[in-house]
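Reviewing the structure listed below.
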Amino acid sequence: MTIFTRRGAIGLTGAAGVLALFGEGALAQAPARAKDGAVVIGMSLEPPVLDPNLNAAAAVREITYLNIYESLARIDPRGGIIPGLATGWTVSPDGLEYVFKLVPGVKYHDGEPCDSADVKFTLDRLSAPDATAPGKSLYASIKSVEVIDATTVKVTLKNPDSFFLYNVALGDASIMGRKSAATNGTKPIGTGPFVFKERKEGDSVTLAKSPTYRHAASIRLNTVTFKFIRDPAAQINALLAGDVDTFPGFQAPELVGRVRADNRFAVVIGSTMGETILATNNGRGPMKDLRVRQAIAHALNREDLVAGESGFALPIGSHFPPHDADHVDLTKTYPFDIAKAKKLLADAGHPNGFEASLKLPPVGYAQRSGEILVSQLGKIGIKLTITQLQWPQWLAEVFKERNYDFTIVAHTEANDLDRYARDGYYWGYDSKAFKDHWAAVVRETDPAKRAVLIKAAQKMVADDAVNGFLFQLGKIGVWNRQLVGMWENSPTPSIDLSGVSWK
Amino acid sequence: MLEFLLRRLATSLVTLLLASLVVFVVLEVLPGDPAQVMLGTEARPDTLAALRAKFGFDRPAPERYLSWIAGLLVFDLGLSHAYGTPVSKLIGDRLVVTLPLGAMALTWATCVALPLGVFAASRRGRPADWLVMGFGQLGISIPNFWFGILLSLTFAVSLRWFPAGGFPGWSPDPLKAVHALVLPALSLSLAEIAILARVTRSSVLDTLREDYIRTARAKGVPERAVLMRHALRNALIPIVTVGGLLAGFLVAGAIIVETVFYLPGLGKLVFDSINNRDLIVIKNIVLLLTGCVLTVNFLIDVVYALLDPRPKVSA
């Protein structure tokens, strides 16, 4: 959204001095590999198997979606839905039948043709009764998939589903070949602009430009290497030493200053789908009481929390991304007011507050916000004890067994307000009113009416103070200034390289 | 001596078997469901159950333990849950990074620490001795991740003499691979040098007090020969012992150093596998490491026998 340049920081005189010292060539230089159309992309997390149908990790989609694989539709950089492997689609008036027309003549990287039987194969792989896809619930509304001819496929739904088109545009629904799907975890084969070349586990994944891609002429990069570097200090060193050209999702805001001080790199702050919340166990102890949750909401000082993220975050008042067209600002639902918070807590029978656990996953934003929240809630007498968990422990203890009072986590999926309508979800929020309301959202296929319903849903969740709504995570993109076409925002997990090139 | 070595070998094998049992039990009670880690928060219970069955977690524990051991006997380590590739390939790929890294660090440590320790012992109580001991204290205190970052900042980011991290592989250019391992090996060896130098110094000092040293000096043997031939050789047993122990510590150090220099080594594989709950990888690596430590200990016993060939009395 905003591009920070170094000019303001060092001043023109300083810049001129550097110019005089090193000559113009040393400034804003592309690395030598740029001549060969090669780029090295740094990532914090390494993906497991490279099959987005069968593995939930965001890193799998970041590498494969729009690069190796394509879906029927695709999510564009602004979060809209545009045609992908399907040139277009028609929807029946009752919203139950979708007919997709495929691009003719598309071939997989192994030379096999991609036709409507593969679409049926993939959608069945995601939604059939015996399917073991992590995203199965996204495709639960599919009743049947019919092959009409080689390039026409008809999907019939059990009920109208206003999210269906979005969901088939996701990386989860990457269309795979019937012959290659079984081995796609280790040797991914898709229809996208890049071919899988090599994987060095623990180190890198390398892709090369696909000669058979239907718009091959528009692809400017020849070789793409994704390099996995977990430690933030090592990430910075790799960038500054020129070993890596970009970190599209840099995770350590406190270290951004060091990259900004180097003229070769641009730091671009964009938006993500990550609502960061103080997830609250509504089914346990004092938190069952609406007044207690309201008190917590009044005690949150989002300004400090955003400052804790070095300013690379936007305050939220509900579980909805601020950059979405249907967003309503609800940050003033329970404005920061310690006196009011204390009174609500006293009314609920906790004049001296209470003790509770705060179980944190091993991610930077949770660590930073955790410390701040201990202090903020401490001011109204809620004494939080921090426990650090590894992700697998967090999944088991917090998410599955619901053995927690509070945790901090960013929900990064799109359209995830639906979690508040789920039975047995880890927040323990159980509201018939919200469930009925959300069912109406899903059924409503008229965009204008749906927008009204979605806005009301945000307000219901905010009013019930289900969780502490903290901030929308920012996407800190760092890249060499000579590299153009990188996504500024992250509407869906993808490092789309089809439009990226060296100047 | 042969009997002594055979007995040590048998003890090692029994220890290894016990270790495998301990590893298996510890991983059984480790919190976290590998299937959930893989499928994430949106997976349904039936999907999780299906994946657990695919991994074989639904079978009884004794059966799983025995099939693991049976697999080990025919060198079949199974497939990694996270990567879908054979565990033996994963470990093999990592060993070609970590073994040379450890060997480089240990060689470097020995080459520097032994002369340094002997030198300090020969200058006991003089400024040179204090200097070496001061360096030793510093080397032990400096955390190797910090030293690694410092080396990387200086020699990779500023001077550009070395890459900041990563490993290019041994082919096509082995020199590039060695080049990539220099900084990590340096940061790994710092503490080793410090410890080894101190042990060498005190061990040499101890032997210098022995009667045979006085005799040698009285015979007119030059001081240099006294130090190298008489004192150092007899001081070597404690040094070799500590050196062997340090080889074990190298693995722990490698986890940190490989993270700082993003080397795809065994240490990083251990770290990632624990985070991914890739249990099949963890248990095989831990057993492999146990095997390595036992082998090193066994080799140390052999070296003892060579250094001190007096017949062993049964313990």
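At a threshold of 40 Å², the residues of the stretch A:214-254 that become less accessible to a 1.4 Å probe in the full protein assembly than in their chain on its own are A:230, A:231, A:237, A:241, A:243. Loop-resident trypsin sites (Lys or Arg not before Pro) (DSSP state other than H, G, I, E or B) in the stretch A:308-378 with no more than 16 further Cβ atoms inside 10 Å of their Cβ: A:332. Probing with 1.4 Å while keeping every protein chain in the model, the per residue accessible area of the stretch A:88-214 equals 39 Å². Partners of residue B:219 within straight-line reach, counting lysines whose Cα lies under 29 Å from its Cα and excluding those fewer than 8 residues away in the same chain: none found.
What share of the DSSP beta bridges in the stretch A:357-503 is antiparallel, in percent to the nearest 5?
Values: 2 of 8 bridges.
If we restrict to bridges inside the stretch A:357-503, about 25 percent are antiparallel.
Set the Förster distance to 60 Å, then compute FRET efficiency between residue A:338 and residue B:219 from the Cβ-Cβ distance, nearest 0.05. Provide the component values of the computation, followed by the final result.
On the way: r = 87 Å, r/R0 = 1.45.
It comes out at approximately 0.10.
Restriction of the GluC sites (Glu not before Pro) in the stretch A:397-503 to DSSP coil positions whose beta-carbon has at most 11 other beta-carbons within 10 angstrom yields A:401. Each label point was placed 7 Å from the Cα along the Cα-to-Cβ direction; for residue A:423 and residue B:159 their separation is 6.7 nm. Rolling a 1.4 Å probe over the protein heavy atoms gives the stretch B:2-73 an accessible area of 57 Å² per residue. Summarise the accessible area of the stretch A:274-473 (1.4 Å probe, protein heavy atoms) by the percent that is carbon and sulfur. Within the stretch A:274-473, the accessible surface is 53 percent carbon and sulfur.
How big is the B-A contact in terms of buried accessible area, both chains counted, 1.4 Å probe, rounded to the nearest 100 Å²? Walk me through the numbers on the way to the answer.
Details: alone 17600 and 21270 Å², together 35320 Å².
In total, chains B and A hide about 3600 Å² from solvent.
In peptide A:199-211, what is the residue-averaged number of other protein chain Cβ atoms found within 10 Å of each Cβ? Walk me through the numbers on the way to the answer.
Values: counts 2, 5, 14, 17, 12, 4, 0, 0, 0, 0, 0, 0, 0.
Mean shielding by partner chains, rounded to a whole number: 4.
For the stretch A:227-274 versus the stretch B:101-122, the spacing of their alpha-carbon centroids is 38 Å. Contact residues in the stretch B:63-85 by the 10 Å² criterion (accessible area, 1.4 Å probe, full protein complex versus chain alone): B:82, B:83, B:84, B:85.
Of the accessible area of the stretch A:43-160, with the probe set at 1.4 angstrom, what percent is carbon plus sulfur?
Working: 2560 of 4380 Å².
Accessible surface attributable to carbon and sulfur in the stretch A:43-160 totals 58 percent.
Remark on residue A:336: its backbone amide H falls under 5 Å from none of the residues 5 or more positions apart or on other chains, H modelled at 1.01 Å from N. Take the Cα of residue A:261, step 7 Å toward its Cβ, do the same at residue A:215, and the gap between the two points is 4.1 nm. Taking a cut-off of 13 Å between Cα atoms, list the aspartates and glutamates near residue A:435, but don't count ones fewer than 8 places away on the same chain. The qualifying aspartates and glutamates are A:418, A:423. The mean count of C-beta atoms from other chains within 10 Å of the C-beta of residues in A:466-474, rounded to a whole number, is 0. For chain A, relative contact order (Cα pairs under 8 Å, six or more residues apart, normalised by length) works out to 22 percent. DSSP bridge analysis restricted to chain A gives an antiparallel fraction near 75%, rounded to the nearest 5.
Using a probe of 1.4 angstrom, how much of the accessible area of chain B is carbon and sulfur, in percent?
Working: 11290 of 15830 Å².
Roughly 71 percent of what the probe reaches on chain B is carbon or sulfur.
Applying a length cut-off of 27 Å (Cα extent along the axis) and a mean Kyte-Doolittle floor of -1.0 to the DSSP H helices of chain B leaves B:2-29, B:87-122, B:174-208, B:233-260, B:279-307. In the stretch A:351-394, the residues that give up 30 Å² or more of accessible area when the other protein chains are added, compared with the chain on its own (1.4 Å probe), are A:390, A:392, A:393.
Grab the DSSP H runs of the protein assembly as shown that are 4 residues or longer, score each as -39,500 (n - 2.57), total them, divide by all residues and round the 222 nm result to the nearest 500 deg cm²/dmol. Walk me through the intermediate numbers first.
Working: 24 runs with 355 residues, N = 818.
Helix contribution divided over all residues of the protein assembly as shown: -14000 deg cm²/dmol.
Taken per residue, the accessible surface of the stretch B:184-247 reaches 48 Å², heavy atoms only and a 1.4 Å probe.
The values are calculated or read from the model by the stated rules, or taken from the named source; none is laboratory data. Fair warning: this is a prediction, and the values are worked out from it, not measured in the lab. Don't worry about glycine lacking a Cβ; one is built from the backbone with ideal geometry, like all the others, and counts go over all protein chains shown. Calculation scope for accessible area: heavy atoms of the full protein, side chains included, ligands and nucleic acids excluded. Shrake-Rupley method; radii C 1.70, N 1.55, O 1.52, S 1.80 Å.
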